[in-house]
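What follows is a short report on a single structure.
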Protein chains: 2
Amino acid sequence: MTQLFGDPSDTREEILAATYRALQTHGYAELTIDRIGEEFEKSISLIYHHFDDKDDVLVSCLEFMLDQYEHGHTGVSVDEPDAIEEIIESVLDPACSSEEQSLVSSLVELRAQAAHDPEYRAHFDRSDQVFRDRFAAIIRAGIDTGAYNASCDPDAVADTIHTALIGAMVRRATTDSTEWINAVETELQAYLRAQIYT
Amino acid sequence: MTQLFGDPSDTREEILAATYRALQTHGYAELTIDRIGEEFEKSISLIYHHFDDKDDVLVSCLEFMLDQYEHGHTGVSVDEPDAIEEIIESVLDPACSSEEQSLVSSLVELRAQAAHDPEYRAHFDRSDQVFRDRFAAIIRAGIDTGAYNASCDPDAVADTIHTALIGAMVRRATTDSTEWINAVETELQAYLRAQIYT
DNA sequence: TATTGTTGATTGAACGTTCAATCAATACGA
DNA sequence: TCGTATTGATTGAACGTTCAATCAACAATA
């Protein structure tokens, strides 16, 4: 997961990797071009040779990560039977590395930019579609194998789980409280099973 | 709802009202002290006589709104039998005034600040508690009247609904897509009823 | 030579914040 | 009652910093 930007093959990718690192250490709010420069071996002004502006770098970084995710899980993983349950579990894992947590925090901050910036908005539109479609595909695969209930609506369930997980990530990133985490995990699993089985 | 800042009784409240208006027209990202000043009859520097800094104004504005909400709904409304269903419906109302929508957008942007700013974080900690407790109280009231199932866990259901609604608001504020909205509403109502009845 | 990559220095604007000064109102003392 | 402190509200102008973005020059490569 941290080797997302393992070996940048390009100056462009070097910049994206530096951006990723700067994002992880400073978060979006404190992220400046200079701070990206600190993580980048070469000159700051070189960034403007490869990207239009600061937001272009950030959005490109997001796009890169999403592409990696998409191609990493290219074939619909029928392999894992309880794939969604495991995703819920990992998002709501009470003990979660601070690195992962700071990445989630940054993603939450970045998503908030989509409230006023069309380029971020376009990205998260696509992002939501990718995850939603993946959830739906997993459910459909389960239906095909006969493990899941054929009369449930894969798209509706996928959208609901995805929406709830966004809420969970936002809540984690923006509050100190944690008591809700276990309860929400239990309830989401219960909801999912109720829809998917019987 | 818009008359939240109906008649500011104070210079302090005038500033908060101006902040609210500036927030609604510009959003958080484009919000400057000058823009607040445009909505404020008196001088910009007067703001610093009443508040520590820019964020203090914003957080105070949030606190004011939350207080208003809290005191407006002080008594647990047992009056409405399907209060939670209606709240879900209103948050996921497909046709939603652009004023309400822009307020939600701003709230999403403001919540994102809690990812790195302790003062925002403290506010949204309290905010979550207020809403969660309200949901739980409604459910408990339903159990007391015998309308709801006594063996469900009010706190867990409350936290889950609240988390999902945060996700829904964030998704609405940060993407253009709307197809998911109706599906998610249906599913949330289904989940709620499954937990609350029988 | 032409093109692409790279650099350090510089620019210009935006923005939050400060500050000295003015004003209105109230309280106080003679 | 009249003058005098005192206080809080209010103002406009200015300051200092941050930061994204530009630019002219240099290196490398083909």
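The values are calculated or read from the model by the stated rules, or taken from the named source; none is laboratory data. Please read all numbers here as calculations on a predicted model, not as lab measurements. As a convention, Cβ positions derive from the backbone with ideal geometry for all residues, glycine included, and neighbour counts pool all protein chains shown.
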Lone qualifier among A:ARG134, A:ARG121 - being more than 16 Å from DNA strand D (Cβ to nearest atom), in a helix (DSSP H, G or I), of a type in the set (Lys, Arg) and without any contact (Cβ under 8 Å) to a residue 40 or more places away in the chain: A:ARG121
State which residue is farthest from DNA strand D (Cβ to nearest atom) when the search covers only region B:23-64 and only residues that are more than 14 Å from chain A (Cβ to nearest Cβ) and among the aliphatic types (A, V, I, L, M). B:VAL57
State the number of residues belonging to region B:138-156 that are within 8 Å of chain A (Cβ to nearest Cβ) and crowded, with 23+ Cβ neighbours inside 10 Å. 0
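On the basis of being out of contact with any Ser or Thr (no Cβ under 8 Å at 6 or more places or on another chain), aliphatic (A, V, I, L, M), more than 14 Å from chain A (Cβ to nearest Cβ) and within 16 Å of DNA strand C (Cβ to nearest atom), does B:ILE87 make the cut?
On the way: out of contact with any Ser or Thr (no Cβ under 8 Å at 6 or more places or on another chain): yes; aliphatic (A, V, I, L, M): yes; more than 14 Å from chain A (Cβ to nearest Cβ): yes; within 16 Å of DNA strand C (Cβ to nearest atom): no.
Here the answer is no, as B:ILE87 does not meet what is asked.
Among the residues that make up region A:126-139, is at least one of them in the same structural domain as A:ILE196 (by TED's automatic domain parsing), acidic (Asp, Glu) and within 17 Å of the chain's Cα centre (by Cα)? Don't jump to the end; show me each part of the working.
Taking region A:126-139 and keeping what is in the same structural domain as A:ILE196 (by TED's automatic domain parsing), we get A:126-139.
Then keep just the ones that are acidic (Asp, Glu); that gives A:128, A:133.
The next check asks that each one be within 17 Å of the chain's Cα centre (by Cα); those that pass are A:128, A:133.
Taking every residue of region A:126-139 in turn, at least one turns out to be in the same structural domain as A:ILE196 (by TED's automatic domain parsing), acidic (Asp, Glu) and within 17 Å of the chain's Cα centre (by Cα).
I'm trying to understand the selection: among the residues of region B:125-162, which are polar (S, T, N, Q) and under 18 Å from A:ASP176 (Cα atoms)?
As a first pass, look at region B:125-162 and keep what is polar (S, T, N, Q): B:127, B:129, B:145, B:149, B:151, B:160.
B:SER127, B:GLN129, B:THR160, listed by residue number.
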Which of the residues spanning region A:109-125 are within 11 Å of the chain's Cα centre (by Cα) and either in the same structural domain as A:GLU63 (by TED's automatic domain parsing) or not hydrophobic (A, V, I, L, M, F, W, C) (or both)? A:ARG111
Pairs needed: first member in region A:159-176, free of Cβ contacts under 8 Å to residues at least 60 places away in the same chain; second member anywhere, surrounded by 24 or more Cβ atoms within 10 Å (Cβ to Cβ) and outside any helix (DSSP H, G or I); C-beta distance under 7 Å; at least 6 residues apart or different chains. A:THR175/B:ALA114
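Has region A:60-76 got any residue that is within 16 Å of DNA strand C (Cβ to nearest atom) and not aliphatic (A, V, I, L, M)? Let's see the steps before the verdict.
First, pick out the residues of region A:60-76 that are within 16 Å of DNA strand C (Cβ to nearest atom): A:60.
When the remaining residues are screened for being not aliphatic (A, V, I, L, M), the result is A:60.
Yes, region A:60-76 contains at least one residue that is within 16 Å of DNA strand C (Cβ to nearest atom) and not aliphatic (A, V, I, L, M).
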Residues to consider are A:SER98, A:SER106; find the one that is of a type in the set (S, T, N, Q), in contact (Cβ under 8 Å) with a residue 12 or more places away in the chain and not assigned by TED's automatic domain parsing to the domain that holds A:GLN68. A:SER106
Among residues of region B:16-50 being surrounded by 12 or more Cβ atoms within 10 Å (Cβ to Cβ) and more than 13 Å from DNA strand C (Cβ to nearest atom), the residue nearest to B:GLU63 (Cα to Cα) is B:LEU16
Taking region A:158-198 on its own, how many of its residues are surrounded by fewer than 23 Cβ atoms within 10 Å (Cβ to Cβ), within 21 Å of the chain's Cα centre (by Cα), of a type in the set (Val, Ile, Thr) and assigned to a helix (DSSP H, G or I)? 1
Could you tell me whether region B:113-136 includes any residue that is more than 9 Å from every other protein chain (Cβ to nearest Cβ) and hydroxyl-bearing (Ser, Thr, Tyr)? no
For region A:1-42, name all the residues that are outside any helix (DSSP H, G or I), within 17 Å of A:VAL108 (Cβ to Cβ) and in contact (Cβ under 8 Å) with a residue 60 or more places away in the chain. A:GLY27, A:TYR28, A:ALA29
